[in-house]
Structure formats: structure tokens, C-alpha cells
Amino acid sequence: MPKVIVNDIEVDADPKDNCILAARKAGVEIPHYCWHEALSVVASCRMCLVEVGEKKPDGTVAMGPKLVPGCQTPIKEGTVIKTNTPKVKTSQQMTLELLLLNHPLDCSICDQAGECYLQDYTYKYGKAHSRLDEPKLQREDKYHIGEQIALFTDRCVMCTRCVRFTREVAGTAELQVVARGSHEEIDVFPETPCNNKLAGNVVDLCPVGALCSKDFLYKKRVWWLKHADGICTGCSTGCSVHIDQNEDKVYRLRPRENPLAQGHFMCDEGRFGFKYIHDERRILAPKVSKANAGAANGSSVASSTAFGGAGTQFADPWKDVLATTRSKIKEAIKTDARGFVAVLSPFMTVEEAYLLASYLKQLDARVRLVMGPVPMIGSDDMYPKGPKGEAPEAGKVKFTIRAEKCPNRLGVEAILRHFEGEVISVAQVAAKADATAWYFVGGYQHGWVTESIDRGVGSPSLLIVQDLFPSPLSERADIVLPSGSFAEREGTYVNHSGLAQAVHAAIRSPGDARADSRILMELTERTGLFHATTLRKEIGKAIRTLSALSAGDLGEHGVKMGVAAKEAVMA
Ligand code: SF4
Ligand code: SF4
Ligand code: FES
């Protein structure tokens, strides 16, 4: 590890670090615009200029005569970096004054205000006055950049991060620099809007308020947003995301950098695909059919049309419903244990799957546990694309949108293998039509009850459905339990590569809906509140293939399963 001295602080750096990264290790910020860890280096903005020198073996330091761009300057043993000298400070002030020459001071109406590097750096490194006494250049806003992207042209600092992203990561190269000098602008090639499946990332990459998301534009000032660390459930890549919400409404998802999962970016399908969680069709209250009402304790019931049908809604909706559910499950298992089938969804967390599976198997080992439908669409979509839209060669893939459209098949399969010895699909059991009672867990974004499942379920003695949206099954279910979306869950998802990541709830469920973990804690009569870390430790100890969870805390980036465990889970 080369030793580097940053403002008199000695740190161990990585031989591949540039000055920006080495300084970060010493807790020193070198302001920068054009440099980004995942893109090529152009050293064009000059915001990162620093003094660099070398400490000789005799202890003397020889500083270079000129300022150098920290983004483009590699470090080595004995590199000395100075970021706080008068020379560096004057350069930073001059760079910011130049960048602001034609910049409109429209922070009050700019979507980026509050998370803008032009604001922040001007405050920290700039100076209060501009010497320009000419009118500023004014440029047209460009709403044609993409379906989801608008360009506020005169806010652009010409860092070209967006251009390099479309060339180097998406491979689609829609963006370019047009004109020259102070008339330079970002634009798209004629008739080629930036609509590739990764396009939304240019908004995150833009360090100022030039590229904005049309979806988020003027919806919420960013300082009102609270952030939770979540996982996108759009596919098995399992991108780490920030879920930004205010008053239980999610406004946007942003990628959360995770070198073990997806890297720096996310796809637009995941980014904009979260709206279903606020869909007004969501099931908002538990329901027990009239025939089953009061089964547990003869509680008094009131008629309800909350589900568009004759159902029963309790005054304390969950207490009695869960008591009834428990008693109906026990009755059905007593009558025909082998005929009782629980369908676990690949949208459940590991903890949720474990709670339900362990409870049912402990009631009677003959109960069958099966895998719910695993949604697949097309084939894996890899980036950067070649000139004709072809996939990159192996080893050059920078981002993959996976065909498997669920977050936790591997985690749920590990639970099934542990309790059942194998993974049987719901389709296999439905085809046999030998089940007499069903407990379905859904949680899918799109309809998942196929005709063959619907037919295979037939008219069982007990049908329990725990789900987000009404379906042909929930319409005729004996008991409906309204569950939570990905933004309402705590727990663990295991992605396509065996990376176990923690998800954290961002919002409360609407109406009387509840996160599955909470439903299952109460249903299975476990004491205390659901606590993912505690349950992870229990699961890690109980299930060998999930032993990576025994630490409880999975950290910011998650924990990779050991090779043996990963192979067992993926078998
Ligand atoms: S639009 Fe944003 S990302 Fe693109 S060059 Fe301008 S400032 Fe940079
Ligand atoms: S690649 Fe998959 S997990 Fe990542 S954002 Fe897209 S849909 Fe979500
Ligand atoms: S970040 Fe180094 S020159 Fe732009």
C-alpha cells in the first residue's frame, strides 16, 4: 500500500487511486465535476486542481511548480497532495466564477437545489461576487432530450459525464456536445432521443440541475425527502437503491452504489417502476368470508364491502382475522395435512419465508411448501450495447437487466430446500389438483394467477391469500390478508449471484395493510416485534446454506454467500 500525505495527514492508499480517492481516505474532499469513478477521465472541468509533490527518502518534499488535476494524477509511494494552499484556493474560486458566468441563479426553482454540487462547492470554495458585467448568455431549455429527461441548458457546466455515460456504459451514444467555446451545449443526435433503458442515470450523474427527471420535476423539494436503503425488486440483479419518501409517499428511487451488486447505476424499469405501490387497487383491509367469520372465538362481526364482495370486516381488523386464520389452518391440517399447500413467493424476504415455512412444518411435517411463479421476461439485457445494439463480449459487461423479474428466488428456494428437501413449483402441484387447502403469498407487481393455477386450485376447503392486489384467487378466498410492498418490508433478499442484502422499510403500508413480516410474526404467535437482525441470526444458525446471515447485520453492501452455500442455494 503506497503511503500518501494529504494536507500533512499520512494515509495508506490503493496503488490504483488518483489524488481524489487518496485524499478521500484522509478525510479530505477534493471538489470535482467531470470525474466519476465509473467513467473515463477527461480532466476538463479543472475543479479538482491541487498541488502535488513528492517526499524524498531523505525526508525533504519537492512540490511541483504547477497545479495538476487531482482526477488525472495517479499516486505512488511518497506522493504529497496539498488542497488547502492559497494557490489551490484561488484556482477553485476562479473555476467556480467561470462556471457561474452564464449560470442563471435560479436555485429557488431548480429541482437540484439542496443536492447540487454547484451550490455546495460555491458555498465552500467559491467567492461571493462575480466580476461579469455583461448580460448572461441565455439558452433554450430542451424537453426533447428524452421521454424521461429534460435539459435546462444554461445550468450545464459541460462536465460531459452524461455524454460519456451514454457512450461508455449504455453504449447507445445518443448525447453529444454541439457548438464550441462558450456556446457549447449538450444535445441529442437528430431524431435520436436518449430513451435507452439506462437513460435515467444521466440525471443522477449530472452534478448540477441541468439534466432533470421529468417524473420527479417540481414534485417535492429534496430537503423534505427522507431516505431508506432498499433493494429494487424489478429483477434478480437486486440493485441497491435509496427509497426517497415524504409522508408515506415514495417520490423517487435512486441507485445506491454497491460494488457487490450492480455498481453505480440502475435501470429505468426499476427507477420508474415503483408507482404500483401507491395504486388505488391495493387491498387495504383483511377479509374473512362470512362462512369462516368468528371461527376462532365467535367474535362479533360487521358486514363490509371493502373488497367489492360480501365479506366481513372486524372492528380490530387484524386481531380476530389472524386468530381465525390460525384456527382454520390447524383445522385444515388436522383434516388432511398432505393436502395443505403453502405457496411461497419470490417477492418474500428470507425471514418471511422462514416464518411461514417453519410454522407450518412444525404444525405437521407433511404440509407441502412450494415455490410461487417466478416471472421471466425475455433474456438478460447486457450493456454497453454495440453499434448495432448487440450485447457486449463476455468480460466487458458493465450492467445487466435480468430476465428473472423477482428479487429473491434464491433466498426462498434455500428455505424450501431446507424444509422440503427440494423445490417444487406451484404449477406442478396445481396440475395434480390434489391439494385440499391453500395458503398463497403473492406480493407481485403484475398479475400472477394464471389460468392453470386458478383451475388447479379448484374449490378447496380453505383458501388463504396474502397479497397486494385483488386476483381471481383473492376474490373467492376464505381469508384475504393485505400485505406490504417492497418499500414497506424489512428483511433480506438474495440476488442472482448469491448476494444477501438487507432491505429497510421506507413507508408505512396504506390502510390496514401490513408488511408480510408483521402478519407472519403475529400469525405464528412469535413473541415480540419483528426484528430482521435477530431473525437472521436464527436462520443463519438453522440453515447451513444461509449461514452467511448468522452475523445478523449485513452491512451497507450485503454479504456474499460462501461458494459451497451459494452452489447449494443455486442447485
Ligand atoms: S448536462 Fe449535466 S452531466 Fe451533462 S455535461 Fe451538463 S452538467 Fe454535465
Ligand atoms: S436492473 Fe433489475 S434490480 Fe436493477 S434497477 Fe433494473 S429492474 Fe431493478
Ligand atoms: S474533476 Fe478533475 S478536471 Fe474535472
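Counting other Cβ atoms within 10 Å, which GluC sites (Glu not before Pro) in segment 87-155 have at most 16 and lie in a DSSP loop?
When the GluC sites (Glu not before Pro) of segment 87-155 are filtered for loop state and at most 16 Cβ neighbours within 10 Å, Glu115, Glu140, Glu147 remain.
I want the antiparallel fraction of DSSP beta bridges within the chain, as a percent rounded to 5.
Expressed as a percentage, antiparallel bridges in the chain total about 70.
Below 8 Å, C-alpha to C-alpha, sequence gap of six or more: please give me the relative contact order for segment 108-277 in percent.
Normalised by residue count, the contact order of segment 108-277 is 20 percent.
At 1.4 Å probe size, what's the solvent-accessible area of Lys76? Round to the nearest 10 Å².
In the full protein context, Lys76 sits at about 110 Å².
Just by accessible area at a 1.4 angstrom probe, what is the order of His129, His32, His227, His278 from largest to smallest?
His129, His227, His278, His32
Given contacts defined as C-alpha pairs under 8 Å and at least six residues apart, what's the relative contact order of the chain, whole-number percent?
Answer for the chain is 11 percent.
Compute the length gained on full extension between Thr524 and Ile377: take 0.36 nm times their separation in residues and subtract their Cα-Cα distance, giving the result in nm to one decimal.
49.4 nm
Give me the accessible area of Trp448, 1.4 Å probe, in Å² rounded to the nearest 10.
20
Just the accessible area per residue of the chain, please: how many Å² with a 1.4 Å probe?
Heavy-atom accessible area per residue stands at 44 Å².
In segment 3-99, what percent of the accessible surface is made up of carbon and sulfur (1.4 Å probe, ligands and nucleic acids excluded)?
Carbon and sulfur together cover 55 percent of it.
In a shell of Cβ-Cβ distance under 13 Å around Ala365, excluding Ala365 itself, what net charge do Lys and Arg (+1) and Asp and Glu (-1) give?
Spelling it out: positives minus negatives among the neighbours equals +2.
Of Lys3, Lys541, which has the most accessible area and how do the rest follow, probe 1.4 Å?
Solvent-accessible surface, decreasing: Lys541, Lys3.
Taking segment 379-483, which GluC sites (Glu not before Pro) meet the DSSP loop condition and have no more than 12 other C-beta atoms within 10 Å?
The qualifying sites are Glu390, Glu393, Glu422.
Could you give the length gained on full extension between Asn195 and Lys56, defined as 0.36 nm per residue of separation minus the Cα-Cα distance, in nm?
Value of the extension gain: 44.8 nm.
Ser452 accessible area, nearest 10 Å², 1.4 Å probe?
Here the accessible area works out near 60 Å².
Looking at segment 217-252, which trypsin sites (Lys or Arg not before Pro) are in a loop (DSSP not H, G, I, E or B) and have at most 13 other Cβ atoms within 10 Å?
Answer in residue order: Lys219, Arg221.
Return a whole-number percent for the relative contact order of segment 3-99, with Cα pairs under 8 Å and 6 or more residues apart as the contact set.
Across segment 3-99, relative contact order equals 33 percent.
Tell me, in nm to one decimal, what length is gained between Arg508 and Ser130 on full extension, where the rule is 0.36 nm per residue of separation less the Cα-Cα distance?
Fully extending the segment from Arg508 to Ser130 adds 131.3 nm.
Would you compute the Debye intensity of the chain from its alpha-carbon atoms alone, equal scatterers and no solvent, and pass along log10 I(q)/I(0) at q = 0.06, 0.08, 0.10 Å⁻¹ to two decimals?
Per q value, in the given order, log10 I(q)/I(0) is -0.39, -0.65, -0.91.
The values are calculated or read from the model by the stated rules, or taken from the named source; none is laboratory data. Quick caveat, the model's predicted, so the values are computed rather than measured. FYI the Cβ positions are ideal-geometry reconstructions off the backbone, even for glycines, and counts take in every protein chain you see. Side chains are part of the model used for accessible areas, which takes the heavy atoms of the whole protein and leaves out ligands, DNA and RNA. Shrake-Rupley method; radii C 1.70, N 1.55, O 1.52, S 1.80 Å.
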